[in-house]
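Participant: Got a structure for you, questions after.
The values are calculated or read from the model by the stated rules, or taken from the named source; none is laboratory data. Because the structure is predicted, anything quoted here is derived from the model rather than measured. So basically every Cβ, Gly included, is an ideal-geometry build from the backbone, and we count neighbours across all protein chains shown.
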Amino acid sequence: MEQSAADATGHFRAAGRRRHGSVWEASQKASWRKATGALRIHAVSTLAIDIRPARLQDAEAITAVHDETWRAAYLGIIPGGTLTRMINRRGVTWWEGAIDRGSRIQVVTVAGVLAGYGSFGRNRALALSAGGEIYELYVRPDYQGMGLGRRLFSSCRREMAGRGLEGLAVWALAENDLACAFYRALGGVAAARGTERFGDRTIDKIAFTWS
């Protein structure tokens, strides 16, 4: 959760003091974020973007992306100790094994830097009328908002369609607002709900589907 401007800067210590200033500062911050985002999108559009199957030599970079993105997405949702153990299980050796076994993993690189990955295969939930499933799709926070997630999603979907897996399902934790909004924006329909246990918490999850 982001700190408020008051917490982050310590400027607004007295109730009501500098109220007009706070509105101006909030407006300036919003304008700065918008401008910065536009500059980043423009910058990334001029760089070489590549989406391809993962290679063994990508294992270390995928491990780093997995660590960074899971902490960003799930800290405060999945209990901290459980989250750390889940992340630590997916070390370089784990990813090397997954790639070596032929697991379907696509990576997106920007100017040679691995910025995200997606894994996919056959749909595991028989109750859903979908042939394929994206198991994981993550883009590093510094590279979000640039359309890379959409490109990676589309690439995984095309790969599954090319293998005769028509229809697609993706599960997301209901408390992961950004992921749920992302899949809804891509046209996903909330088709089912379930729960998953993480340590001492039971968390709702949503299945999004595409025909």
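Participant: Name the single residue that is surrounded by the fewest Cβ atoms within 10 Å (Cβ to Cβ) among those in region 87-112 being farther than 20 Å from Leu148 by Cα and in contact with a helix residue (DSSP H, G or I) (Cβ under 7 Å, 6 or more places away or on another chain). Steps first, answer last, please.
Facilitator: Within region 87-112, the first condition is being farther than 20 Å from Leu148 by Cα, and the residues that meet it are 87-103.
Filter once more, so that each one left must be in contact with a helix residue (DSSP H, G or I) (Cβ under 7 Å, 6 or more places away or on another chain): 87, 90-92, 95-96, 99-100.
Numbers: Ile87: 18, Arg90: 15, Gly91: 14, Val92: 13, Trp95: 23, Glu96: 17, Ile99: 19, Asp100: 10.
Top of the filtered list is Asp100.
Participant: I need every pair where a residue in region 109-120 that is in contact (Cβ under 8 Å) with a residue 40 or more places away in the chain has its Cβ under 6 Å from the Cβ of a residue that is of a type in the set (Asp, Glu), sequence separation at least 6 or different chains.
Facilitator: Close Cβ pairs (under 6 Å, with a partner that is of a type in the set (Asp, Glu)) amount to Thr109/Asp50.
Conditions (1) buried (at least 16 other Cβ atoms within 10 Å of the Cβ); (2) assigned to a strand (DSSP E or B), marked per residue:
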| position | (1), (2) |
| --- | --- |
| Arg158 | no, no |
| Gly164 | no, no |
| Trp171 | yes, yes |
| Leu178 | no, no |
| Ala190 | no, yes |
| Glu196 | no, yes |
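Participant: Show me the helices (runs of 4 or more DSSP H) entirely contained within region 1-116 in which 2 or more residues are modelled with pLDDT of 95 or more.
Facilitator: Ranges flagged: 59-74, 80-89, 92-100.
Participant: When the residues of region 127-146 are filtered to those that are assigned to a loop (DSSP other than H, G, I, E, B) and within 12 Å of the chain's Cα centre (by Cα), which remaining residue is surrounded by the fewest Cβ atoms within 10 Å (Cβ to Cβ)? Explain how you work it out, then say what you get.
Facilitator: Filtering region 127-146 for residues assigned to a loop (DSSP other than H, G, I, E, B) gives 127-131, 140, 144-146.
Checking which are within 12 Å of the chain's Cα centre (by Cα) leaves us with 140, 144-145.
Numbers: Arg140: 19, Gln144: 19, Gly145: 16.
Within region 127-146, the match that is surrounded by the fewest Cβ atoms within 10 Å (Cβ to Cβ) is Gly145.
Participant: Out of the residues in region 117-126 meeting the condition of being over 11 Å from the mean Cα position of the chain (by Cα) and not aromatic (Phe, Trp, Tyr), tell me which one is surrounded by the most Cβ atoms within 10 Å (Cβ to Cβ).
Facilitator: Per the criteria, the residue is Asn123.
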